[in-house]
Amino acid sequence: NNIYTAIGTFYISLTLGYTLAFLSEVAVTTIVRLGVFKIWEPDIFSLTSEVPTPILPWVLREKAYKPKRITLFAADFASSCIAAPIIEEILKLKICQWTSKLPRNFKPVKVQKGKRKRSKKTVAQAVRSIDAPQVTNVNCYVVQMLAASLGLKLFDITRRILMYTKKQDEHKHFFAVARGVYPIHELCGTMTALLLARRDVVGIDLPIWKIVGPAIVIHGLANFRGMKPIFKWNSSTPWSEMQLPPFKTGSDFSFTHLIPTSYAKIVWTTILLRVFGFCVKNYYLTGRQAMKRTTTYSGKLHAFEAKLHTDSFLKKAKKDQS
């Protein structure tokens, strides 16, 4: 793995990646909000005589128009918890693919599924002969995805830290550090990297939605819990972004504030720990399977594929029994 390639990925993500993510989220959010307003609040469009339609969703407060709560919730949920995570996670994967040529043993190809011509599925097709040197190390996948994730995160948290500087803002230094430590982008990027490696290194058939899907779900849950997507400019309540109790103005700082006191926060912490465990487990599992493919099952590609299918079947059967 070339350290200069990782630095290049980080730089592209920090500059071009953040710009693309911001503009894409603003455009998609505008479309989503207009669609929600069209369904639940068509009276809003009476303001189009004063305000152009693309700008309408962003100036309702200035126009003193108060939509229904269900309308605001549906629009915010669709844009912040669905659209924004999809854009950010797919963009991180694309930046990684644009800026680095990841070594792989397989590539995804579309083949016809059944007799229907339009019905196709994605399968992993070998790109190296059995006698050629095989890729067994997945470190480059993790490093490149972490570089892409950290590039987006650094720009976003730097902007929010610089905005949280008003005189009445409390504990500026603590929240500046806490924003950097909160690991949503890193966990989501690592999950995507490991699932991509399982397809391109081990040869497990995984469509693109299964590769980025878990990261999108976790990112969407984090946004639902209070984390801000890139297009939201406000940063006056950093404790809500990291699921910390609000520090009361005038109270002395204490680490007891960090202890989650509600059931929801305990559940969220448990989810993050399980995601971390998933990353650790799959990092070693993917590397071990890649190594077995070139040692124990060297020259026996079909036997290795049969073992993978058997392990997958047994795992599903065990889950169904429990």
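The values are calculated or read from the model by the stated rules, or taken from the named source; none is laboratory data. What you see is a predicted model; the values in this text were computed from it and never measured. Neighbour counts run over all protein chains shown; Cβ positions are idealised from the backbone, glycine included. Each accessible area value is taken on the protein alone, full model and side chains, heavy atoms only, with ligands, DNA and RNA left out. Shrake-Rupley method; radii C 1.70, N 1.55, O 1.52, S 1.80 Å.
Pick out the one residue from Thr19, Thr99, Thr15, Thr29 that is open to solvent by 40 Å² or more (accessible area, probe 1.4 Å) and touching a helix residue (DSSP H, G or I) at 6+ places or on another chain (Cβ under 6 Å).
Thr99
Scanning region 2-51 for residues that are in contact (Cβ under 8 Å) with a residue 24 or more places away in the chain, aliphatic (A, V, I, L, M) and closer than 13 Å to Ser79 by Cβ returns Val26, Val28, Val32, Val36. For region 66-87, taking the residues that are open to solvent by 60 Å² or more (accessible area, probe 1.4 Å) and part of a loop (DSSP other than H, G, I, E, B), the one that is nearest to Ala215 (Cα to Cα) is identified as Lys68. The residues of region 152-178 that are at pLDDT below 85, of a type in the set (Lys, Arg) and assigned to a helix (DSSP H, G or I) amount to a single one, Lys172.
The number of residues in region 36-52 being in contact with a helix residue (DSSP H, G or I) (Cβ under 8 Å, 6 or more places away or on another chain) and surrounded by 13 or more Cβ atoms within 10 Å (Cβ to Cβ) comes to 7.
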